[in-house]
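As structure tokens, the structure follows; a few thoughts come after it.
Since every read-out is calculated from the coordinates, none of them should be taken as a lab result. Treat the numbers as computed from the prediction; the structure is a model and nothing was measured. Here the Cβ positions follow ideal geometry from the backbone for every residue, glycine too, while neighbour counts run over all protein chains shown.
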Amino acid sequence: MDRDQVRDRITFLREEIDRHNRLYYRQTTPEISDQEFDALLQELQDLEAAHPEWADDSSPTARVGSDSDERFPSVAHSVPMLSLQNSYDSAEVAAFDQRVRKDMGGHEVLYTVEPKMDGVALAVRYRQGRLTLGLTRGDGTKGDDITANARTLAEIPDSLPPDWASFFPWSGVTAFEARGEVYLKLSQFAELNKQREAEGQELLANPRNATAGTLKTLDTAEVARRGLSVFFYQLFALDDTGQERHPGHVSEGRDFPDHQSEMATLDALGLPVNPFFRTAKDLPELQAHLEDLAGMRDTLDYQIDGAVIKVDSRLWQERLGSTAKAPRWGLAFKFPAEEAVTLLKEITLQVGRTGVITPVAELEPVRLAGTTVSRATLHNWDELQRKDIRVGDQVVVVKGGDIIPKVLRVLPEYRDGTQLSFPAPDQCPVCGTATVQQEGEVALRCGNPVCPAVVAGQLRHFASRNACDIDGLGGRSIDLFLELGLIEGPADLFALKSEVLSALPGWGEKSAERLRAGLQAARQRPWQAKIFALGIPQVGVSTALTLARQFPDIHALMEAAPEDLALLDDIGPVVGEQVATFFQGEAGRQLVQALLAADFFLETEQLPTAPISVSGDNWFAGKTFVVTGTLEAMTRDEAKAAVTSLGGKVTGSVSKKTDVLVAGEKAGSKLTKATDLGIPVLEEEAFLEKLAEAGWQDTGNV
Ligand code: IVH
């Protein structure tokens with residue numbers, strides 16, 4: 001970049017950062033992730049460092065963001081309310097440790113580690129044991145007076161016990177200020193949204209925004225109703241003057257010796273502190289605590305976005321001091337973002353085993369929740385249109401429960417006119433056959449039942465773990481066989497000759513023998529696995545099991561009437577119809593005939609005793625589930641299959657015996673009933689997370 005370009009870039013970054021600060025602090029509708037924001041700020045800092053001639057006191061690098069709001073009186077902070085330096089990986093933590101040790105001249109250091117609450121900063125002042133003021137961060141030097149709202153928090157006492165001053169380790173304290181983070185418990189957030197939904201009100205986007213919005217509400221009764229919580233992490237005495245200031249100096253014995261005793265005093269005063277507060281004497285211990293905190297993130301009833309590391313000694317805090325923005329004695333360690341912004345480079349099309357054509361976003365690789373993401377599903381054209389996603393857009397990607405990354409939304413303000421909409425294809429991208437849309441379906445399909453992509457998908461499904469589990473047959477081999485014209489469908493696998501196989505590139509006698517044995521074992525697979533292997537639309541592992549229990553062999557199953565099928569548990573008229581149609585249709589019939597000829601089906605199939613691939617002690621095993629509403633990442637049947645494959649039981653209606661309700665979008669009466677009965681409700685994201693934790697892999701879809 002030449003000088004002019006650098007200058008333009010600095011101007012652009014300053015404006016852009018200010019804009020995002022306004023979105024975050026005032027309108028509480030951030031458009032970008034914290035990580036993206038920090039990247040902009042870092043770039044600006046680097047450019048300003050390289051060009052000190054363009055330094056500017058009003059640059060966002062010299063200020064903290066502001067949440068000031070004209071509707072509330074503005075009050076000066078006793079001491080500036082600073083922000084913290086952010087870090088994102090263990091190398092940055094190590095660098096912080098090194099810097100601190102260097103600045104402390106090799107002196108021994110003790111750190112504290114505590115959760116970084118993803119809430120809204122609040123300062124409260126007490127005088128003579130009574131709450132006198134509640135103040136937001138504002139611009140860091142002055143905040144908004146939200147005392148009336150702060151008073152409504154059950155966890156912020158209006159008055160303290162008479163002996164409150166004795167909890168301070170020095171005498172003569174008449175007033176103090178405590179700072180902390182206000183937040184909304186996840187359970188409370190869910191409860192509020194449930195009520196709002198019932199009342200037809202717009203839903204709150206997330207707990208942090210809900211907290212920020214609530215603190216800025218003028219109706220205190222409404223604030224009280226929202227049930228906000230708070231954790232405090234800072235405490236200092238105030239001068240007994242009208243102009244409050246922080247007079248404490250550790251060296252003069254008018255401050256806490258360390259952060260630990262500061263926290264203990266908050267606790268003694270009855271101001272809540274986070275229970276997950278630890279100390280660490282060195283870097284390994286520090287890193288271990290950070291890992292622990294990251295690990296428990298999903299188990300807490302509140303959102304944390306990282307951990308805060310502080311030098312414990314207040315004397316050293318004083319000596320290390322602060323920059324205009326942040327203390328040198330503290331560091332925020334941010335957990336991997338669960339949202340990231342990146343460029344959508346291209347949209348490609350994937351044809352699945354049922355012929356469904358799915359648009360896939362090809363992304364500029366980006367770090368997300370600990371992994372690098374370069375592709376994300378776009379589901380279907382309805383979704384593409386609804387979200388107005390175009391090639392060349394900057395998009396926000398999220399991980400749906402650590403399984404499938406998806407595009408959440410686009411950032412239209414980054415458009416420069418070169419972005420292109422992506423029309424729905426009228427031809428299959430693989431075989432060129434015209435696409436079809438079945439009535440009542442949003443999905444587009446390839447109309448060719450022998451489309452190479454469909455056949456390859458069917459073969460992969462046939463060989464997959466919950467189906468025939470064919471040892472020695474991977475996706476690459478399937479592609480090779482198809483390419484060479486050795487097979488056209490699953491049944492042909494059984495006719496492959498060892499001599500032919502062992503002569504193939506990358507193959508030998510050993511691999512040929514392994515596949516032969518794998519195919520022989522496939523004939524002995526449990527009956528339900530064979531049914532699942534057929535790839536009947538809507539028939540997942542769980543439905544296959546139901547069918548296997550009811551129909552002893554392939555002949556009985558093929559002849560089942562839709563009305564008999566519909567009566568079965570977990571099946572119903574729609575799936576019943578699909579099953580019957582599959583066996584009556586040309587493709588289904590041919591597949592079964594060919595497999596019969598290959599001796600794949602046995603006269604006496606192995607009847608199911610236990611569900612497939614139950615791995616005993618996972619969260620699902622032994623629990624009873626009901627699945628309701630529309631899920632995004634999978635069909636309801638696939639969700640049921642996933643639960644069953646992990647040893648859970650799925651029933652059709654909610655009762656006292658139900659352990660968990662999995663609720664997708666537009667969940668109706670079942671959700672109401674579950675709530676009435678106090679049955680835990682898992683939304684899709686949390687459900688996918690639990691599946692991932694239990695080690696579930698989606699083998700039903702290719
Ligand atoms: S200590 C001098 N401890 O994170 C700043 N802050 O990014 C001392 N926060 O302004 C802050 N949890 O609003 C501290 N355990 C914690 C925190 C915490 C959340 C917030 C706080 C702070 C911001 C900095």
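Data for the structure
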item	result
Backbone HN-Hα couplings from phi across the stretch 232-241 [Karplus 6.51/-1.76/1.60, Hz, Gly and Pro as x]	9, 9, 8, 8, 8, 6, 10, 4, 8, 10
Helix-derived mean residue ellipticity, 222 nm - over the chain, DSSP H n ≥ 4, -39500 (n - 2.57), to 500	-10500 deg cm²/dmol
Charge dipole (the stretch 524-612, unit charges on Cβ, about Cα centre) - positive-most of Q550, G572, A597	A597
Rounded FRET efficiency, nearest 0.05, which uses the C-beta distance separating H51 from E16 and R0 of 22 Å	0.80
Which of M104, M1 has the fewest Cβ neighbours within 10 Å, and the rest in rising order	M1, M104
Three principal axis lengths of the chain [C-alpha, angstrom, descending]	95, 66, 49
In the stretch 181-286, the GluC sites (Glu not before Pro) that fall in loop regions by DSSP, at most 12 other Cβ within 10 Å	E199, E202
Gyration tensor verdict on the stretch 328-471 (Cα atoms; rounded if a/c is under 1.5, prolate if a/b is larger than b/c, oblate otherwise)	oblate
Above-threshold pairs, the threshold being 23 Å between Cα atoms, out of K640/K673; K530/K640; K102/K142; K185/K216; K406/K670; K102/K281	K102/K142; K406/K670
Nonlocal amide H pairs with H77, under 5 Å, H built at 1.01 Å	K142, G143
Cα-based convex hull, the stretch 74-147, per residue volume (Å³, whole number)	154
Amide H partners (placed H, <5 Å) of D469, local residues excluded	S464
Mean shadow area of the stretch 523-588 over all directions, Cα convex hull, nm²	4.0
In degrees, nearest ten, helix 186-198 long axis to first principal axis of the chain (Cα)	70
Per-residue ³J(HN,Hα) for the stretch 325-335, Karplus 6.51 cos²θ - 1.76 cosθ + 1.60, θ = phi - 60°, Hz, x for Gly and Pro	9, 8, x, 7, 9, x, 8, 9, 9, 8, 5
Disulfide-incompatible cysteines by the Cβ rule (no partner under 4.7 Å) in the chain	C468
Segment T604-R476, length gained on full extension (0.36 nm per residue, minus Cα span)	42.8 nm
Pairwise FRET efficiency - R415 versus L315, Cβ, R0 = 60 Å, nearest 0.05	0.65
Nearest 10 degrees, 0 to 90: helix 3-21 Cα axis against the chain principal axis	90
Low-density loop cleavage sites - GluC sites (Glu not before Pro) in the stretch 62-165, where at most 13 other Cβ are within 10 Å (DSSP)	E70, E108
Using θ = phi - 60° and Karplus 6.51 cos²θ - 1.76 cosθ + 1.60, couplings along the stretch 267-275 (whole Hz; Gly, Pro as x)	4, 5, 6, x, 9, x, 10, 5, x
Angstrom value of the Kirkwood radius, inverse mean 1/r, which spans all Cα pairs in the stretch 388-536	18.6
Simple Cβ-charge dipole of the chain, Lys/Arg +1 and Asp/Glu -1, about Cα centre, in debye nearest 20	720
Computed over the chain: relative contact order in percent, which uses C-alpha pairs under 8 Å that are six or more apart	9
Cut-off under 5 Å, modelled amide H: who pairs with T132 long-range	R125, Y126, R127
